[in-house]
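The values are calculated or read from the model by the stated rules, or taken from the named source; none is laboratory data. Predicted, not measured: the structure shown is a model, and the values here were computed from it. Here the Cβ positions follow ideal geometry from the backbone for every residue, glycine too, while neighbour counts run over all protein chains shown.
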């Protein structure tokens, strides 16, 4: 089955814009299983206006050093609209790396762009889209059932015979389903790992691993049991690369 993927590129330097545009076209020709709808913008404001007018993209390839507004600020505005797109930053400098992942960027590529690196990053990002397209989970909650996208789950915590599922939005859902049952439900999804008997984490939403703690993207600090440290790092590296 052909997968439709909407991609846009935003770069104020016309030569960089055309080069990235050509790379995506070549990628599409080499991968006919993807039906890629491709657009380009030389102005960040034109991109934002398009999104404001209800344009939607699956992947945005975004320059960082732009006139009047930088790519990080553009990404923040896109995230404020709750756009579910994946963002790949492209920059001639590495100095924005930390800021880039602060807006949940999928990847960061340094110019001049090397074709092989670009193709690998684009392929990885498309695989991430496929993971996010999986069927939602059906969670038992008080009074009924709740549909939850696995990609929205940050952590699951067991406390006082209840389980709390924390979502990217900050909402917490309580369920009586056991942690073991939830872990089994997520067992075929490589994003989820149990670093402690009371927690399940989504590897996709880890900000960093510091000593015996995991720092999640929403600021939660999750303990790592002594027996899980190596397995967690191995699983996280496998997920990333």
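Just one of (1) at pLDDT 95 or above; (2) surrounded by fewer than 22 Cβ atoms within 10 Å (Cβ to Cβ); (3) assigned to a helix (DSSP H, G or I) trips up residue 12, so point out which.
(3)
Being closer than 25 Å to residue 55 by Cβ and in contact with a helix residue (DSSP H, G or I) (Cβ under 8 Å, 6 or more places away or on another chain) is the requirement here; does residue 126 meet it?
no
Which number in (1) assigned to a loop (DSSP other than H, G, I, E, B); (2) under 14 Å from the mean Cα position of the chain (by Cα); (3) under 26 Å from residue 26 (Cβ atoms) marks the one condition that residue 104 misses?
Going through (1) assigned to a loop (DSSP other than H, G, I, E, B); (2) under 14 Å from the mean Cα position of the chain (by Cα); (3) under 26 Å from residue 26 (Cβ atoms) one by one, residue 104 breaks only (3).
For the subset of region 200-241 comprising residues that are over 21 Å from the mean Cα position of the chain (by Cα) and buried (at least 16 other Cβ atoms within 10 Å of the Cβ), which member is farthest from residue 161 (Cα to Cα)?
Applying the filter and picking the extreme gives 228.
Among the strands (runs of 3 or more DSSP E) confined wholly to region 113-192, which include 2 or more residues that are free of Cβ contacts under 8 Å to residues at least 12 places away in the same chain?
Fully inside region 113-192 and qualifying: 144-148.
Test residue 106 against the criterion of being within 23 Å of residue 220 (Cα to Cα) and surrounded by fewer than 19 Cβ atoms within 10 Å (Cβ to Cβ), and give yes or no.
no
Evaluate the following for residue 48: is it assigned by TED's automatic domain parsing to the domain that holds residue 15, closer than 12 Å to residue 10 by Cβ, more than 15 Å from the chain's Cα centre (by Cα) and part of a loop (DSSP other than H, G, I, E, B)?
Considered against the rule, which asks whether it is assigned by TED's automatic domain parsing to the domain that holds residue 15, closer than 12 Å to residue 10 by Cβ, more than 15 Å from the chain's Cα centre (by Cα) and part of a loop (DSSP other than H, G, I, E, B), residue 48 comes out as no.
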